[in-house]
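The values are calculated or read from the model by the stated rules, or taken from the named source; none is laboratory data. Only a predicted model underlies this, so the values are computations on that prediction, with no experimental measurement involved. Backbone-built Cβ (ideal geometry, glycine too); neighbour counts: all protein chains shown.
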Amino acid sequence: MRGLTLVMLSLSLFLATACKATHPKGLEARVMQTAKRRLIGNKGQKNPLPATPQTIADGKEAFSHFCIACHGLDGQNTGVPFADRMSPAVPSLASPEVQEFTDGQLKQIIDYGIWPSGMPGSKGMLSEEEIWSIVSFMRHLPPAGSLGEPEMYSH
Amino acid sequence: MMLKSFSTVALIFAALAPSVLLRLSAAANPAPRRVEVVAKRYCFNPSTVNLKKGEPVILVLKSTDVSHGVRIRELNVDVKAPKGGQAEVEFTPQVSGDFVGHCSVFCGAGHGSMTLTFHVSG
């Protein structure tokens with residue numbers, strides 16, 4: 001009986017520790033980033049849309065449908081109150097860790113999300129054209145803070 | 001006498017010419033065909049519309065729920081119907097082929113699969 005209690009206590013402590021949301025740092029962050037780079041497929045697919053001002057504007061519009069809730073209007077989390085509190089934290093889309101993905105990988109991430117982060121898949125929710133235009137927008141993000149914050153956080 | 005009858009004929013011709021020209025012009029430029037498409041989450045009805053190259057069309061987009069839209073750049077079509085309302089756009093297809101437009105106003109989880117196809121023949 002005493003042994004069972006000890007096991008239950010240890011298990012509870014383990015679960016409580018494991019469930020605590022903390023920012024991945026140092027080695028953990030590097031391992032995760034390397035894993036993402038290698039595991040996320042579709043590396044070779046090219047963006048079929050030309051990177052014209054029109055495409056980028058379309059991407060900005062499509063991005064505003066719901067991506068802004070976590071990534072902000074500028075893709076750099078401006079005004080998103082919980083961006084740092086997620087585990088892992090919501091990355092700035094202008095950061096090297098995001099920009100080093102190929103266009104095909106970014107499309108893959110938008111299509112299917114990244115498990116177990118909070119990034120959901122948008123395939124079917126957005127059209128192929130909208131998703132590719134978002135990839136173009138991500139390659140031409142405006143300066144951080146230049147678009148203000150999402151209306152949902154400021155009304 | 002000869003001059004007088006010539007003047008009368010010229011006068012009649014001048015009076016009739018505008019209406020004759022108008023009729024000829026109308027025959028050359030027929031009234032645009034109205035095509036009604038109903039949009040609702042997450043489909044267009046009909047989902048395929050047959051058009052003829054060079055034939056002017058008025059696309060009437062009616063929404064029965066939230067806002068929806070259609071944009072097909074190749075055909076110069078860009079129209080947005082407000083929630084429960086309608087909007088129209090006039091265009092003349094100049095190229096033949098199949099053109100697929102997507103809903104241009106985000107309308108929910110199935111927005112990405114909401115398509116309207118224009119089949120332009122000729």
Next on the checklist: So, in segment A:92-117, exactly how many residues are part of a loop (DSSP other than H, G, I, E, B), surrounded by 14 or more Cβ atoms within 10 Å (Cβ to Cβ) and touching a residue at least 12 places away in the same chain (Cβ under 8 Å)?
Outcome noted: 6
Checklist entry - If you go through segment B:78-105 one residue at a time, how many are crowded, with 18+ Cβ neighbours inside 10 Å, in contact (Cβ under 8 Å) with a residue 40 or more places away in the chain and more than 13 Å from chain A (Cβ to nearest Cβ)? => result 2
Next on the checklist: What are the pairs with Cβ atoms under 8 angstrom where one residue, in segment B:45-67, is without any contact (Cβ under 8 Å) to a residue 24 or more places away in the chain and the other, located anywhere, is part of a strand (DSSP E or B) and surrounded by 13 or more Cβ atoms within 10 Å (Cβ to Cβ)? Sequence gap at least six, or different chains.
Outcome noted: B:N45/B:V37; B:N45/B:V38; B:N45/B:A39; B:P46/B:V37
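Evaluate segment B:89-97: report whether one residue or more is charged (D, E, K, R), modelled with pLDDT of 95 or more, farther than 27 Å from A:G124 by Cα and assigned to a strand (DSSP E or B).
Going residue by residue through segment B:89-97, those that are charged (D, E, K, R) are B:90.
Now narrow it down to the ones that are modelled with pLDDT of 95 or more: B:90.
Within this subset, residues satisfying the condition of being farther than 27 Å from A:G124 by Cα are B:90.
Checking which are assigned to a strand (DSSP E or B) leaves us with B:90.
The answer is yes; a qualifying residue exists.
Yes/no matrix, rows are residues, columns are (1) under 21 Å from A:E129 (Cβ atoms); (2) hydrophobic (A, V, I, L, M, F, W, C):
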{"residue": "A:T34", "(1), (2)": "no, no"}
{"residue": "A:L39", "(1), (2)": "no, yes"}
{"residue": "A:Q45", "(1), (2)": "yes, no"}
{"residue": "A:T52", "(1), (2)": "yes, no"}
{"residue": "A:T55", "(1), (2)": "yes, no"}
{"residue": "A:G59", "(1), (2)": "yes, no"}
{"residue": "A:A62", "(1), (2)": "yes, yes"}
{"residue": "A:I68", "(1), (2)": "yes, yes"}
{"residue": "A:H71", "(1), (2)": "yes, no"}
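Quick one: in segment A:54-85, of everything that is at positive phi and touching a residue at least 40 places away in the same chain (Cβ under 8 Å), which residue is farthest from the other protein chains (Cβ to nearest Cβ)?
Going through the qualifying residues, I end up with A:G79.
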Checklist entry - Is it true that some residue in segment A:73-86 is acidic (D, E) and surrounded by fewer than 21 Cβ atoms within 10 Å (Cβ to Cβ)? => result yes
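Quick check on segment A:130-145. Is at least one of its residues assigned to a loop (DSSP other than H, G, I, E, B), within 14 Å of chain B (Cβ to nearest Cβ) and crowded, with 16+ Cβ neighbours inside 10 Å? Before you say what the answer is, go through the steps one by one.
Kept after step one, since they are assigned to a loop (DSSP other than H, G, I, E, B), are these residues of segment A:130-145: A:140-145.
Among the residues that remain, those that are also within 14 Å of chain B (Cβ to nearest Cβ) are: none.
No, segment A:130-145 has no match at all.
In segment A:114-129, what residues are within 14 Å of chain B (Cβ to nearest Cβ) and not hydrophobic (A, V, I, L, M, F, W, C)?
Matches in segment A:114-129: A:P120, A:G121, A:S122, A:K123, A:G124, A:S127, A:E128, A:E129.
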